[in-house]
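The values are calculated or read from the model by the stated rules, or taken from the named source; none is laboratory data. Remember, it's a predicted structure, so these values are computed and weren't measured experimentally. Positions of Cβ are generated from backbone atoms using ideal geometry, with glycine treated the same way; all protein chains shown enter the neighbour counts. In case anyone asks, the SASA skips ligands and DNA or RNA and just uses the protein heavy atoms, side chains included. Shrake-Rupley method; radii C 1.70, N 1.55, O 1.52, S 1.80 Å.
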Amino acid sequence: MSALFSEVFVATPTAVARAPARANLLGEHTDYNDGFVLPTPLPYVTTVAVGPGPAGMIEAHAARFGETKTRALDAPPAGDWLDYVLGCVRVVMQEGAAVEGVRVAIDSDVPMGAGISSSAALEVATLRALREWLGLRIDDVQVAKLGQRAESGYVGMPCGIMDQMVSSLGTPGQALFLDTRSLEHRLLKLPKSHALAVVHSGVAHRLTDGGYRQRRSECEAAASALKVKSLRDVDVADLPAIAALPEPLNRRARHVVTENRRVLDGVAALERGDAAAFGRLMVESHASQRDDYAVSLPEIDALVETALRHGALGARLTGGGFGGCIIALVEDPASWWPAVAAEHPEARLVYPR
């Protein structure tokens, strides 16, 4: 990365940092409802190098696109990849950091449009690099919170905090159990007897389209109708009251409430090493996303069914929906994948590589 920065800007970077992508095991669309999530980092990383730049300006180069963009530090978002970087610079400036001008070089092998959070990896890597360069006294939780603020407040995507937290705090090969209300978290071992496989459906994942915002609005409306702050404040004992809500608020709320329970049950399954129980929860989670939350697609559903038919203990849509990837729990991805690929030539194995 130092070489890329030097080649583009004919200067030496002051700091270089990295952050990973993620897959979510259980807990989809629960984070912006103050709920529980269970993601894990993936071995795809975004690397960011930073250094001082022209006064009042950001100059950024993205190796993936082979382009350099320049914008004023006080400019509004433009709807491109630079928004995520400039959003991070702006939030640290709002926290009191003195940034006269900045240059940024970015390299990444995180697949885009896969629903494994290329945006959070970019935000966390950028904030880590800024932390080192500017000597910021912020811990990894604060990095995640600032990344979410950049994406929500500047980019304009009203995301929850799961992606930034697992990118900032996750450990490869382990699941991160996170309470998104309190931000309490702990690491859990994944089943030794089985492995995770992440498969791209071939349909690009697009959270910025209206479906995500609509689901969030529906959850807020359901919480208001139930007279609670958020759907975190109701549980499975309240399902009769949830069923009485109008369509589709009843189904949206039912998904969130039952998904929170699945995360807690999944944590218990991991703690006792019960891969079969965890797999069943993944299957239930997918059915809930498909039927109650309506964020799956026929291509995703067919891929999940094929994954299960060829021996996966569990499989589900991961990453928010509307395209992207599934995640499956299998004995051996190398022997499982060829049969799945034969039925879905448009799909590709994202992890393991």
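Computed quantities for the displayed model
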item: Subset of the range 158-177 that is surrounded by fewer than 18 Cβ atoms within 10 Å (Cβ to Cβ) and part of a loop (DSSP other than H, G, I, E, B) - its residue that is farthest from the chain's Cα centre (by Cα); result: Gly173
item: Unique residue being in a strand (DSSP E or B) and modelled with pLDDT of 95 or more when the list is Val99, Val48, Val124; result: Val48
item: Subset of the range 278-292 (residues that are open to solvent by 10 Å² or more (accessible area, probe 1.4 Å) and closer than 13 Å to Leu308 by Cβ); result: Arg280, Val283, Glu284, Ala287
item: Residue within the range 139-146 that is closer than 17 Å to Pro20 by Cα, of a type in the set (A, V, I, L, M) and in contact with a strand residue (DSSP E or B) (Cβ under 7 Å, 6 or more places away or on another chain) present; result: no
item: Cross-chain or 6+ apart pairs with Cβ under 9 Å, the range 260-279 first and more than 17 Å from Lys192 (Cβ to Cβ), then among the β-branched types (Val, Ile, Thr) and open to solvent by 10 Å² or more (accessible area, probe 1.4 Å); result: Asn260/Val236; Arg261/Val236
item: Qualifying residue in the range 322-336 (condition: at negative phi and without any contact (Cβ under 8 Å) to a residue 60 or more places away in the chain); result: yes
item: Subset of the range 96-122 [within 16 Å of Val50 (Cβ to Cβ) and touching a helix residue (DSSP H, G or I) at 6+ places or on another chain (Cβ under 9 Å)]; result: Ala97, Ala98, Val99, Val102, Arg103, Val104, Ala105, Ile106, Asp107, Ser108, Ala121, Leu122
item: Test result for Ala342, open to solvent by 10 Å² or more (accessible area, probe 1.4 Å) and either at pLDDT below 95 or farther than 14 Å from Ala195 by Cα (or both); result: yes
item: Among (1) in contact with a strand residue (DSSP E or B) (Cβ under 8 Å, 6 or more places away or on another chain); (2) at pLDDT 95 or above, the one test that Arg149 misses; result: (1)
item: Of all residues in the range 24-45 being assigned to a strand (DSSP E or B) and hydroxyl-bearing (Ser, Thr, Tyr), the one that is least open to solvent (accessible area, probe 1.4 Å); result: Thr40
item: Lone qualifier among Ala60, Ala21, Ala75, Ala17 - being part of a loop (DSSP other than H, G, I, E, B) and of a type outside the set (Phe, Trp, Tyr); result: Ala75
item: Hits in the range 234-259 - residues which are open to solvent by 60 Å² or more (accessible area, probe 1.4 Å), more than 18 Å from Gly320 (Cα to Cα), in contact (Cβ under 8 Å) with a residue 12 or more places away in the chain and assigned to a helix (DSSP H, G or I); result: Val236
item: Of residues in the range 294-353 being acidic (Asp, Glu) and outside any helix (DSSP H, G or I), the one nearest to the chain's Cα centre (by Cα); result: Glu346
item: Subset of the range 178-229 that is open to solvent by less than 20 Å² (accessible area, probe 1.4 Å) and polar (S, T, N, Q) - its residue that is modelled with the lowest pLDDT; result: Ser201
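Residue by residue, here is whether (1) open to solvent by less than 30 Å² (accessible area, probe 1.4 Å); (2) aliphatic (A, V, I, L, M) holds:
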{"position": "Leu86", "(1), (2)": "yes, yes"}
{"position": "Arg90", "(1), (2)": "no, no"}
{"position": "Val99", "(1), (2)": "yes, yes"}
{"position": "Val104", "(1), (2)": "yes, yes"}
{"position": "Asp109", "(1), (2)": "no, no"}
{"position": "Ser119", "(1), (2)": "yes, no"}
{"position": "Leu130", "(1), (2)": "yes, yes"}
